[in-house]
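First the structure, in the form of structure tokens, and then the observations on it.
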Amino acid sequence: MKVENTKAQMRKGVLEYCILSILRDDEAYPSDILGRLKDGKLIVVEGTLYPLLTRLKNAGLLAYRWEESKSGPPRKYYRLTELGQQFTQELSKTWTELVQAVNTTTKKTTKS
Amino acid sequence: MNKTVSVNISGYIFNIEDAAFDKLNRYLNTIRGYFSESAGAEEIIEDIEARIAELFQERITDNYQVIKLIDVDEIIAIMGEPEAYIDEEMEEEEVNEAYQRSERKIRNKYRKLYRDPDDSVVGGVSAGIGHYFGIDPIWIRLLFIVLVLGGGSGVLIYIILWIIIPQAKTAAEKLEMRGDPVTAENIGRAVSEEYSSLKKKFTPKKEDIKETGDKVGNAFQDFFGFLGKLLHLLVASLGKIFGFLFVFFGLLSIVALIFGVMGTGEIFNIISDSEGLHFSFHDLMVLFAVSPGYVTWVYVVSIFVLGLPLLAFVYLGFGLLTDFKLRVRGFGLALFIFWIGFSIAGIALFGNLARNYVEEHEVKEVYELTTVESDTLMVDVLPDTLFEFNHAVRFRNDLDFIEVTDDHIFLGNPLLDIVKSNDDLFKVTVKKESRGSNRKEAREFARDIEYNFIQLGSIISFSPFYSLTKENGYHFDQVRIVLEVPEGKAILLSEGSERIIYDIDNVTHTWDRDMVGKVWTMTKEGLECIDCDLEEN
């Protein structure tokens, strides 16, 4: 068992939640989303993002609209759908619980 | 100076250097391979292409208009290696399967046949073939050794393969040879591997922990090192010699072809006897009575059908002789299609001609010889005024003589058979056979065949030839004669009859030519010789 794999899996698990959270406040285009994810060191390369966005969109959590761009092809601006909003709230709750759970569990183990 | 190509990415035109294009294209194809199984693959690819177009667009200024390899590298660094695209949320197994399948697809797609200079014993041919089929080269080597020991054809095959298979020189070519996808990462790895193997080569002591096969290879490599170089030199000069021969004979054949078809040339010498009647293309056309228009078509088609491969041959020779290469894309393909077209036309022409001969018909004429005076009939052949020059042309097994006059075509020989008559009369049956596009035509042609024989007292003389009108033309006409001899009567075969008698059954199974000059009596069992008992049993 490689530590790299486990790390990647942990990161991947929260990636969806992070993307949805970024879109909760305002619509965004992949480069913007990417910028924020990069700041958080959740993603290193852009390529990872595109399949993810497409899957979330196909699941009905995201929708997009086209907007003309001065510097290239038209851009897709993603936003949360009704379903996406609920989904994100659900995740948010789970996340808070999870953080608490993890914290308590790990504290105990480190003490003993 | 570098060649550029222009590409359309997401509706934007970019000028991109050749090498950079190759890399980008491979990159996108690899990604496409990963997604080929999943839903929304097209959309993902479109998104990626749109982003790449945007990144390119950011780079281009008035002073910087061409996308270079370094730009592509930077963009791949931003976007990530193809592996980064795998969305692990897809069913784990599905991903694995899709990944493996695409991996296999890529491996097969990009695997190319090269000679491997790094793992070579003689010329790296076996190693290259081994890589190509994904098997250990030792098996290929064993196969070559078996071929060399068992007849020596292995040497020739090896040398030919050595000439035609290019050596893998660059790192990219080596990756293609092994079937690894050509990514920046792989190239880097390949180069460092090469470096370490080079280092190994220059270390004085060879105590590597390498496989036994490689060890044997190394020992052989030393042994063959000099021999290999010598052989390579030989191969190179052999190429030149072949090149020269190709060009020389190719051009010669083309000239011969043009003269042969167009002129009164004698390309059909092959069918004529050494005696020397020569039939040209034109003569054959007359013989078969085809229209002048048809003849023209045959000329054109045969020149192209035979000439184009010869031209390719000459071109190949030039290629071997010099480094001359025609840099016109699709030229070879165009010529090939052209050639196929003419070949089809040739087949159609031939089919059209063949239609004139589909039906066969035979006309029988029976003559009863009521005026034979003695019990022995002498079988003779009429004096041969027409064929006294012996224009022998072996055109078909049973057609030995052809002569064309102003209005007739004379053919020889008729074939004479002798059988038992079912009553007490000598009888002659003349069977005239011809072909035509339908039964009626075949019958008419058969009827038009002229054939003569004369019976005077106890001598019957057959003509050594039969004739057709030139207007009708040759339709594989044939005349067979059957002479019926009643039981108890005899025949004498004259010396001259040798040329027309054909496979006559007799009691002693004597050959036709040994039957000549003797008297044969028809018995209940068949023909029996009376006066030859003295010589043979």
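Which one of these is modelled with pLDDT under 55 and touching a helix residue (DSSP H, G or I) at 6+ places or on another chain (Cβ under 6 Å): B:Ile106, B:Ile138, B:Ile129?
None of the other options fit; the residue is B:Ile106.
Where residues in the range B:5-43 are farther than 13 Å from B:Val72 by Cβ and among the hydroxyl-bearing types (Ser, Thr, Tyr), which of them is farthest from the other protein chains (Cβ to nearest Cβ)?
Checked the range B:5-43; the qualifying residue farthest from the other protein chains (Cβ to nearest Cβ) is B:Ser6.
Is there any pair with a first residue in the range A:64-89 that is within 24 Å of B:Ile45 (Cβ to Cβ) and a second that is β-branched (Val, Ile, Thr) whose Cβ atoms are under 9 Å apart and which are 6 or more apart or on different chains, and what are they?
Correct list of pairs: A:Pro73/B:Ile9; A:Tyr78/A:Ile19; A:Tyr78/A:Ile33.
Determine the pairs where a residue that is among the basic types (Lys, Arg), located within the range B:140-169, has a partner that is surrounded by 13 or more Cβ atoms within 10 Å (Cβ to Cβ) with Cβ atoms under 7 Å apart, the partner being 6 or more residues away or on another chain.
Every condition considered, the pairs that remain are B:Arg141/B:Val121; B:Arg141/B:Ser126.
So is A:Val45 within 13 Å of chain B (Cβ to nearest Cβ), among the hydrophobic types (A, V, I, L, M, F, W, C) and within 30 Å of B:Phe14 (Cα to Cα) or not?
In short, yes.
Only one of B:Leu198, B:Leu234, B:Leu175, B:Leu227 is exposed (fewer than 13 other Cβ atoms within 10 Å of the Cβ), farther than 28 Å from B:Ala312 by Cβ and at pLDDT 65 or above; which?
B:Leu227
Just to be sure, is B:Asp514 out of contact with any His (no Cβ under 6 Å at 6 or more places or on another chain) and assigned to a loop (DSSP other than H, G, I, E, B)?
no
Restricting the first residue to the range B:338-354 and requiring it to be surrounded by 12 or more Cβ atoms within 10 Å (Cβ to Cβ), which pairs with a second residue that is in a helix (DSSP H, G or I) and at pLDDT 90 or above meet a Cβ separation below 8 Å and a spacing of at least six or different chains?
none
Checking B:Glu94 against (1) crowded, with 16+ Cβ neighbours inside 10 Å; (2) within 14 Å of chain A (Cβ to nearest Cβ); (3) modelled with pLDDT under 80: exactly one of these is not met. Which one?
Failed condition: (1).
What pairs can you find where one residue is in the range B:9-24 and assigned to a strand (DSSP E or B), the other is among the basic types (Lys, Arg), and their Cβ atoms are less than 6 Å apart, with a gap of 6+ or different chains?
From residues that are assigned to a strand (DSSP E or B), the pairs are B:Glu17/B:Lys68.
In the range A:50-62, which residues are away from chain B (no Cβ under 12 Å) and outside any loop (DSSP other than H, G, I, E, B)?
Correct list: A:Leu62 only.
Filtering the range B:311-353 down to residues that are assigned to a helix (DSSP H, G or I) and among the polar types (S, T, N, Q), which residue is modelled with the highest pLDDT?
If we take residues in the range B:311-353 being assigned to a helix (DSSP H, G or I) and among the polar types (S, T, N, Q), then B:Ser343 is modelled with the highest pLDDT.
For the range A:73-89: of the residues being over 14 Å from the mean Cα position of the chain (by Cα) and assigned to a helix (DSSP H, G or I), which is farthest from the other protein chains (Cβ to nearest Cβ)?
Taking the candidates together, the pick is A:Glu82.
Of the conditions (1) away from chain B (no Cβ under 14 Å); (2) part of a helix (DSSP H, G or I), A:Arg65 clears all except one; give me its number.
Only one criterion is unmet by A:Arg65, namely (2).
Considering only the range B:404-503, give the strands (runs of 3 or more DSSP E) lying wholly within it that have at least 3 residues that are of a type outside the set (A, V, I, L, M, F, W, C) and surrounded by 19 or more Cβ atoms within 10 Å (Cβ to Cβ).
Qualifying strands (runs of 3 or more DSSP E): B:426-436.
If A:Lys70 passes every condition in (1) assigned to a helix (DSSP H, G or I); (2) within 12 Å of chain B (Cβ to nearest Cβ); (3) among the basic types (Lys, Arg); (4) farther than 30 Å from B:Gly33 by Cβ but one, which one does it miss?
It is condition (1) that A:Lys70 fails.
Name the residue that is farthest from the chain's Cα centre (by Cα), counting only residues in the range A:7-27 that are away from chain B (no Cβ under 13 Å) and surrounded by 12 or more Cβ atoms within 10 Å (Cβ to Cβ).
In this case the residue turns out to be A:Glu27.
The values are calculated or read from the model by the stated rules, or taken from the named source; none is laboratory data. None of these values were measured; they are calculated from a predicted model. Cβ coordinates were reconstructed from backbone atoms using ideal geometry, including for glycine residues, and neighbour counts include every protein chain displayed.
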